[in-house]
Structure formats: structure tokens, C-alpha cells
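Each reported figure results from applying straightforward, stated rules to the coordinates on display, with no laboratory input. None of the values given here were measured: they were computed from a predicted structure. Here the Cβ is made from the backbone with ideal geometry for all residues, glycine too, and neighbour counts use every protein chain on show.
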Amino acid sequence: MHQSGRSVHRRGRAANRSTGRVWSCGNRVIELDAPLVMGILNVTPDSFSDGGEHADAASAVDHARAMIADGADVIDVGGESTRPGSAGISEAAELGRVLPVVEQLAAAADPPLISIDTRHAAVARACVNAGASIINDVTGFRDPAMIGVAAGCDAGLVVMHMLGPDFATMQDDPRYDDVVAEVATFLGERAAALESVGVDPKRIAVDPGIGFGKTLEHNLELLRRLPEIAALGYPVLVGASRKRFIGHILDEEDPKRRVAGSVGAAAYAVMSGADIVRVHDVAETAQALKVIAAIGR
Ligand code: HH2
């Protein structure tokens, strides 16, 4: 798989105030002394907020470059929409969408940190071989084949919680006794499953899965009690960007008009201990995080 000499990736603004916390992603060891901005690159016709905008590889790569210029630390490439009710696509179709984009991004003189957003083992394996250094699995590595891919490479791994096995039904009356405790238990168990096959815990990040089988109240509770997820000891990723719960709060149907609300959610998440925020609006988010960092310094 795509691995060469390891390097410690120090990130500009707080490089001399190391916390010692790291996320190991392929040949890069990322110091988590400042939050990472993960820019969303949906190479899909049907994503909930930007479907069809970057459906061909050339426009997707252009958008990735623009997000990097705006301050993205990671580009998360996805070829299958996970929106509630989504039926999913074949692995071959997904691979046809994402692989050319990963290959082109990896071929750049100074390649960005590339994440592949997939639940399919064949897609994850091919993209890691092509230069992706993070596997982002919204199903939390429940598929044994995904565990096998994780064990066979040294990519960073995002373990996300979603309720139940499929996108089509996850929003049908989701229920929990204690959403935060149940999500934390799930994430801890999935991380343990990865570690049991020899995965280095430094490669693992966890994500409560905002909007994946959760009501408005569940999402708010998860954000409010994010320190309980952080207490698992892994870096925490939060993806709230433009999601429906923000639309509910703002009474705003159009996902593109939820930008300021999304920045508010990302800022709250970072203040509560998130290490990585997954966002559509990179420039606006990076600006907010710079102000937070300056105040907190
Ligand atoms: N949310 C989406 C997709 N992937 N991955 C992680 N780790 N966390 C998330 O919250 C998350 C995710 C859904 O958002 P988006 O990619 O914008 O939409 P779609 O799935 O419709 O393409």
C-alpha cells in the first residue's frame, strides 16, 4: 500500500505549543495541537447539499484545490450519498467516481492529506493504494472486510456511529435511552475491534455521527456532551455542516443557506474538544477557528 518514510506534520499556527496528541495517518503523524479542517468533496449526483456540483473528476479536483487554498487540512472524497433514504450504489460505480479524483490529488507535487469516505472494503483498499491516508467509514467498521482493510494498511481511521445498518431507515423514529452513553459504547467497541486485529490506537479517530439516526434533540445532546465522547481517548471528528438539524433550528430549508449556523456548530464542537471538523464551507470555518485560537492563546 502507499507508504513511504513517516513524517511529523506540524501545522502552522500552534506548532510550538505541542500537546503531544497525534493522529497517525499513513506516512504522516498529525499533531493535534490545533483543530483540523476536513473539506468535503462529494463526487456524487445526489448529495444532500452539493449533489452534482463536482460530479466529474476535473471539477472535483479544482474544488479540492480551492478548499486547500481556503485552509483545508484534509480532503474527504466521497462517491456515495449517505443522506437519509439513500439507496446506495454499487462498489464499481463508487470506485469509478472516487478513484480518478484520489489519483489526481495524490499525484500533486505537494499532495494534501486525502480521506476516502466509504463503507465498502474494495473502495477503501483501492483508494489507500492510490494515495489516500485516511479511511472514513460512516458504518464504524462493522463489516469484517473493512476491518481486514484497516489491519492491512496504516491509514488513519474514522469510526463513526450510525443507528442501524442502512441509510434508508436510520431516520425512522430513532430512539435511545441515553444517546451519548450508547454512542460512546458503540464507538469504544468498534475501536476495540480494530485494536484487537493489531491496529495502532493512534490511527483511530471517533465520530458521534451527527444526523445518522438521530433526532434534533439527539444531535444537540451529542454536541452538548461531546467531552464524554472525547473521554474515550481518541481524536474526535464532528460533521455537522449544513445538516438538517441546523435547518430545523433556523427554519431554513436550503442547505446552502445554513453556512453561518454550520460555522456556529463547528466552533461549538471545537470549543468542546473536537479535533477535526468536517465541513463544506472551509474558508468560513477556518476563519472562525483562527479567531478562537487567537483568543485562546
Ligand atoms: N456526514 C456525511 C458523510 N460522511 N463522515 C463522517 N465521519 N461524519 C459525518 O458526519 C459525515 C460523514 C453526510 O454529509 P455529506 O457528505 O455532505 O452528504 P451526503 O452523504 O449526502 O453526500
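Give me the residue from the stretch 188-215 that is over 14 Å from Phe141 (Cβ atoms) and within 16 Å of the ligand (Cβ to nearest atom) and, out of that set, surrounded by the most Cβ atoms within 10 Å (Cβ to Cβ). Spell out the reasoning first.
Restricting attention to the stretch 188-215, the residues satisfying the condition of being over 14 Å from Phe141 (Cβ atoms) are 200, 202, 208, 210-215.
Still in the running and within 16 Å of the ligand (Cβ to nearest atom): 208, 210-215.
Numbers: Pro208: 32, Ile210: 24, Gly211: 24, Phe212: 26, Gly213: 23, Lys214: 26, Thr215: 17.
Checked the stretch 188-215; the qualifying residue surrounded by the most Cβ atoms within 10 Å (Cβ to Cβ) is Pro208.
Scan the stretch 167-184 residue by residue and report those that are surrounded by 13 or more Cβ atoms within 10 Å (Cβ to Cβ) and either under 21 Å from Glu80 (Cβ atoms) or over 21 Å from the mean Cα position of the chain (by Cα) (or both).
Within the stretch 167-184, Phe167, Ala168, Thr169, Met170, Gln171, Pro174, Tyr176 qualify.
State yes or no: is Ala205 in a helix (DSSP H, G or I) and either within 22 Å of Ser47 (Cβ to Cβ) or in contact with an Asp or Glu (Cβ under 8 Å, 6 or more places away or on another chain) (or both)?
Criteria not met by Ala205.
Out of the residues in the stretch 230-242 that are aliphatic (A, V, I, L, M) and more than 11 Å from the ligand (Cβ to nearest atom), which is nearest to Val277 (Cα to Cα)?
Ala230
Only residues that are among the small types (Gly, Ala, Ser), more than 14 Å from the ligand (Cβ to nearest atom) and within 25 Å of Gly52 (Cα to Cα): list them for the stretch 263-289, please.
Result: Ala283, Ala286.
Of all residues being in contact (Cβ under 8 Å) with a residue 12 or more places away in the chain and away from the ligand (no atom under 15 Å from the Cβ) in the stretch 243-262, which is farthest from Ile210 (Cα to Cα)? Just the residue, please.
Looking at the filtered set, the residue picked out is Ala260.
What are the residues in the stretch 171-213 that are without any contact (Cβ under 8 Å) to a residue 40 or more places away in the chain and among the charged types (D, E, K, R), if any?
Asp172, Asp173, Arg175, Asp177, Asp178, Glu182, Glu189, Glu195
Those residues that are among the hydrophobic types (A, V, I, L, M, F, W, C), within 11 Å of Val238 (Cα to Cα) and in contact with a helix residue (DSSP H, G or I) (Cβ under 6 Å, 6 or more places away or on another chain), I need them from the stretch 271-285; list them, please.
Correct list: Val277, Val279.
Within the stretch 99-119, track down each residue that is surrounded by fewer than 21 Cβ atoms within 10 Å (Cβ to Cβ) and either β-branched (Val, Ile, Thr) or in a loop (DSSP other than H, G, I, E, B) (or both).
Of the stretch 99-119, the ones surrounded by fewer than 21 Cβ atoms within 10 Å (Cβ to Cβ) are 100, 103-104, 106-112.
Answer for the stretch 99-119, where residues must be surrounded by fewer than 21 Cβ atoms within 10 Å (Cβ to Cβ) and either β-branched (Val, Ile, Thr) or in a loop (DSSP other than H, G, I, E, B) (or both): Ala107, Ala108, Ala109, Asp110, Pro111, Pro112.
Take the stretch 19-62 and flag every residue that is surrounded by fewer than 19 Cβ atoms within 10 Å (Cβ to Cβ) and assigned to a helix (DSSP H, G or I).
Ala58, Ser59, Asp62
How about the stretch 120-161: which of its residues are within 13 Å of the ligand (Cβ to nearest atom) and surrounded by fewer than 24 Cβ atoms within 10 Å (Cβ to Cβ)?
The answer is Val138, Thr139.
Could you grab me the full set of residues in the stretch 120-141 that are within 15 Å of Gly88 (Cβ to Cβ) and in a loop (DSSP other than H, G, I, E, B)?
Listed by number, the residues that qualify are His120, Val138, Thr139.
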